[in-house]
Amino acid sequence: MRRNLSTSLRRRARSDAMGRYDRLPAELRLWLAGAALPWSAASALRLWQRALNEAPDLAAARRRLEAAEARLLARDAARVWGPDYPLTR
């Protein structure tokens with residue numbers, strides 16, 4: 001049955017988001033459980049694998065994820081509250 005929609009947007013394929021999350025390494029899932037941002041399983045896994053390729057140390061990989069999240073939060077804060085947030089005087 002065709003949908004009664006007239007749109008130029010692409011139709012999204014059904015995804016198995018929870019299945020992809022369940023297949024992540026246990027250490028990465030543990031980090032994601034406490035993450036401040038809603039990371040997708042694909043982007044978190046991509047960053048995790050890149051970090052492990054550079055230094056195959058789980059602690060270093062977690063630090064890289066934390067640094068990436070801090071950069072994204074800082075960028076978002078500047079966009080939301082302005083470039084001078086937080087004011088440090």
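The values are calculated or read from the model by the stated rules, or taken from the named source; none is laboratory data. Computed from a predicted model, the values in this text were never measured in an experiment. In this analysis, Cβ positions are derived from the backbone assuming ideal geometry, glycine residues included, and neighbour counts consider all displayed protein chains.
It is to be established whether one or more residues within the stretch 54-62 are modelled with pLDDT under 85 and surrounded by 11 or more Cβ atoms within 10 Å (Cβ to Cβ).
yes
Tell me whether the stretch 20-28 contains one or more residues that are of a type in the set (A, V, I, L, M, F, W, C), surrounded by 12 or more Cβ atoms within 10 Å (Cβ to Cβ), outside any helix (DSSP H, G or I) and modelled with pLDDT of 95 or more.
So far as the stretch 20-28 goes, yes, one or more of its residues are of a type in the set (A, V, I, L, M, F, W, C), surrounded by 12 or more Cβ atoms within 10 Å (Cβ to Cβ), outside any helix (DSSP H, G or I) and modelled with pLDDT of 95 or more.
Which ones in the stretch 40-74 are outside any helix (DSSP H, G or I), small (G, A, S) and under 16 Å from L30 (Cα atoms)?
S40
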